[in-house]
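The values are calculated or read from the model by the stated rules, or taken from the named source; none is laboratory data. A quick note: this is a predicted structure, and the numbers were derived from the prediction, not measured. Positions of Cβ are backbone-derived with ideal geometry, glycine not excepted, and every protein chain shown enters the neighbour counts.
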Amino acid sequence: MDCDKFEQCGGCTYRHISYDAELKIKAEFVENAFRRIGNIDTPISPIIPSKFQSHYRNKAQYPVGKNSDGEVISGFYAKRSHRIVSKRDCDLQPEFFADIQQDILSFLRDNYISIYDEESHKGLIRHIYIRHAQITNEVMVCLVATSSNIPNIDALITLLTKKYNAIKSIVINLNKDKTNVILGRQCKTVFGADFITDIICDIKVKISPLSFYQVNRTQAEVLYNIAIEYADLKPTDTLIDLYCGTGTIGLCAASKVKNLVGVEIIEQAISDANENAKTNSIFNTEFICSDAGEAAKRLANEGKTPNVIIVDPPRKGLDLDVIDAIDKMSPSRLVMVSCNPTTAARDCKLLVEKGYEVKSITPVDMFPRTGHVEVVIMMTRCGSDKKNEG
């Protein structure tokens, strides 16, 4: 075993077996989901392995707390709990993340800064949050706290920026709520820019603290290329990208279509998507800040008739109103990118009942050693005469 906290930590599920065995289990999980839940017998393509099985994550969120001796610790939550397993490093993350984590912990201890307690709802520091743009090597450090006023913060800024030249942004995220949600809605930049920039599929992407960005950037390129291939895009197509985040999938496909419409509920993500389009000189785009279901219904009611829709929903899958709106807009091609094969299979079954046919299914391992697997599904409208039209 290459991790001494594997059995305590809730992160890795398959660290005790070979990667080949892990891939086999994940492929069987996807197949079982689509056969048993979706009632779908479309042949499933071989699972795409990750190029890297270690140090692939570009993001870490370390909870901060105290142990039984009252010492300030940080690490990872134990399985199905909020008990912190103190851990300096993790094989899934860049090695320098652990150094930044330890420097911040030392600062918190040396300055007697209070640590948030979930039971009493008192204390200041809740999480240490680090993001890394792998191509540009830019780093963002974020402290999640109950107040934006952190004592002696200038000393921490000096410490981190002198030691780590890659740090381009230091942010305080304000989370006063009694919740297990890690990030609050408000951010205060105390050093550098409000964002860092990465490159994916030749697109420059602005990453803010609240922005969604795939944690395995290298494998995300593989995922996006499969999705775009499945979409079979034409120069006269209108593409709608639901749950678009900062616009990454849609912007990677924008040069292949006439118009792109992206939809995302997080305001900061939509702001980033517009900035990303501008930065990359992509002008055939419109990004809408709205719940996916409401936006899809509005687009359908406005008579928007996309040739292709790409959906990348959260783990809970598609809401029924989204499925109804997709049906109303009646695209000839529909591509689903899902981080949860179980809900994807359920949603595909509902879409089949609406007149769609599942043509291709490809599992993609985005998160080696963990229990998660991504899947890309291509669907076409049965009997549609628009399939190869613009």
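A Cβ distance below 7 Å, combined with a sequence gap of six or more or placement on separate chains, defines the contacts here; from the range 253-267, residues that are assigned to a helix (DSSP H, G or I) and of a type outside the set (A, V, I, L, M) reach residues that are surrounded by 18 or more Cβ atoms within 10 Å (Cβ to Cβ) and modelled with pLDDT of 95 or more in the pairs LYS256/LEU233.
The residues of the range 243-279 that are among the hydrophobic types (A, V, I, L, M, F, W, C), more than 15 Å from ILE309 (Cα to Cα) and under 16 Å from the mean Cα position of the chain (by Cα), listed by number, are ILE265, ILE266, ALA269, ILE270, ALA273.
Looking at the range 335-346, can you tell me whether even one residue there is closer than 25 Å to ASN259 by Cα, at pLDDT 90 or above and small (Gly, Ala, Ser)? Yes, the conditions are met somewhere in the range 335-346. If you go through the range 81-113 and keep only what is assigned to a loop (DSSP other than H, G, I, E, B), in contact with a Lys or Arg (Cβ under 9 Å, 6 or more places away or on another chain), more than 20 Å from LEU160 (Cβ to Cβ) and not hydrophobic (A, V, I, L, M, F, W, C), you end up with LYS87, ASP91.
Of the residues making up the range 118-138, those that are part of a strand (DSSP E or B) and in contact (Cβ under 8 Å) with a residue 40 or more places away in the chain are ILE125, ARG126, HIS127, ILE128, TYR129, ILE130, ARG131, HIS132, ALA133, GLU138. Test ILE104 against the criterion of being over 22 Å from THR179 (Cα atoms), under 24 Å from the mean Cα position of the chain (by Cα) and among the β-branched types (Val, Ile, Thr), and give yes or no. Answer is no for this residue.
I'd like to verify a number: residues in the range 16-69 that are closer than 30 Å to ILE100 by Cα, in contact with a strand residue (DSSP E or B) (Cβ under 7 Å, 6 or more places away or on another chain) and in contact (Cβ under 8 Å) with a residue 24 or more places away in the chain, how many? Number of matching residues: 9. With the condition kept exactly as written, say whether any residue in the range 338-353 is buried (at least 24 other Cβ atoms within 10 Å of the Cβ), more than 30 Å from SER18 (Cα to Cα) and not small (Gly, Ala, Ser). The answer is yes; a qualifying residue exists. Within the range 70-80, if we keep just the residues that are outside any strand (DSSP E or B) and free of Cβ contacts under 8 Å to residues at least 60 places away in the same chain, the residue that is surrounded by the fewest Cβ atoms within 10 Å (Cβ to Cβ) turns out to be GLY70. Quick one: is LYS278 basic (Lys, Arg) and more than 26 Å from TYR356 (Cα to Cα)? Spelling it out, LYS278 is indeed basic (Lys, Arg) and more than 26 Å from TYR356 (Cα to Cα).
Rundown of residues vs (1) within 22 Å of LEU92 (Cα to Cα); (2) charged (D, E, K, R); (3) surrounded by 18 or more Cβ atoms within 10 Å (Cβ to Cβ), yes/no style:
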| position | (1), (2), (3) |
| --- | --- |
| THR179 | no, no, no |
| ARG185 | no, yes, no |
| THR189 | no, no, no |
| ASP194 | no, yes, no |
| ILE199 | yes, no, no |
| ILE203 | no, no, yes |
| PRO209 | yes, no, yes |
| TYR213 | yes, no, yes |
| ASN216 | yes, no, yes |
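Only one entry of GLU357, GLU353, GLU374 meets the criterion of being at negative phi, touching a Ser or Thr at 6+ places or on another chain (Cβ under 6 Å), modelled with pLDDT of 95 or more and acidic (Asp, Glu), and that entry is GLU357. Of the listed requirements (1) within 30 Å of GLN53 (Cα to Cα); (2) in a loop (DSSP other than H, G, I, E, B); (3) in contact (Cβ under 8 Å) with a residue 24 or more places away in the chain, VAL144 misses just one: (2).
The number of residues in the range 19-69 that are of a type in the set (A, V, I, L, M), under 30 Å from ASN137 (Cα atoms) and surrounded by fewer than 21 Cβ atoms within 10 Å (Cβ to Cβ) comes to 2.
Residues in the range 226-249 that are in contact with a helix residue (DSSP H, G or I) (Cβ under 8 Å, 6 or more places away or on another chain) and either part of a strand (DSSP E or B) or not aliphatic (A, V, I, L, M) (or both): how many? Looking only at that region, the number is 13.
Any idea which of SER330, SER360, SER290 is of a type in the set (S, T, N, Q), without any contact (Cβ under 8 Å) to a residue 40 or more places away in the chain and either over 30 Å from CYS12 (Cα atoms) or in contact with a strand residue (DSSP E or B) (Cβ under 6 Å, 6 or more places away or on another chain) (or both)?
Exactly one of SER330, SER360, SER290 is of a type in the set (S, T, N, Q), without any contact (Cβ under 8 Å) to a residue 40 or more places away in the chain and either over 30 Å from CYS12 (Cα atoms) or in contact with a strand residue (DSSP E or B) (Cβ under 6 Å, 6 or more places away or on another chain) (or both), namely SER290.
Just to be sure before I move on: is GLY303 at positive phi and buried (at least 19 other Cβ atoms within 10 Å of the Cβ) in the structure I sent? Working first, answer last.
Details: at positive phi: yes; buried (at least 19 other Cβ atoms within 10 Å of the Cβ): no.
Criteria not met by GLY303.
Hey, among the residues in the range 268-281 that are of a type in the set (Gly, Ala, Ser) and outside any loop (DSSP other than H, G, I, E, B), which one's modelled with the lowest pLDDT? Step through it out loud before you land on a result.
Initial filter on the range 268-281 (of a type in the set (Gly, Ala, Ser)): 269, 271, 273, 277, 281.
If we keep only those that are outside any loop (DSSP other than H, G, I, E, B) too, we end up with 269, 271, 273, 277.
Working: ALA269: 85, SER271: 89, ALA273: 93, ALA277: 96.
If we take residues in the range 268-281 being of a type in the set (Gly, Ala, Ser) and outside any loop (DSSP other than H, G, I, E, B), then ALA269 is modelled with the lowest pLDDT.
Entry remark, the range 6-46: residues being among the acidic types (Asp, Glu), farther than 22 Å from VAL85 by Cβ and either in a loop (DSSP other than H, G, I, E, B) or at pLDDT below 95 (or both) number 1 in total.
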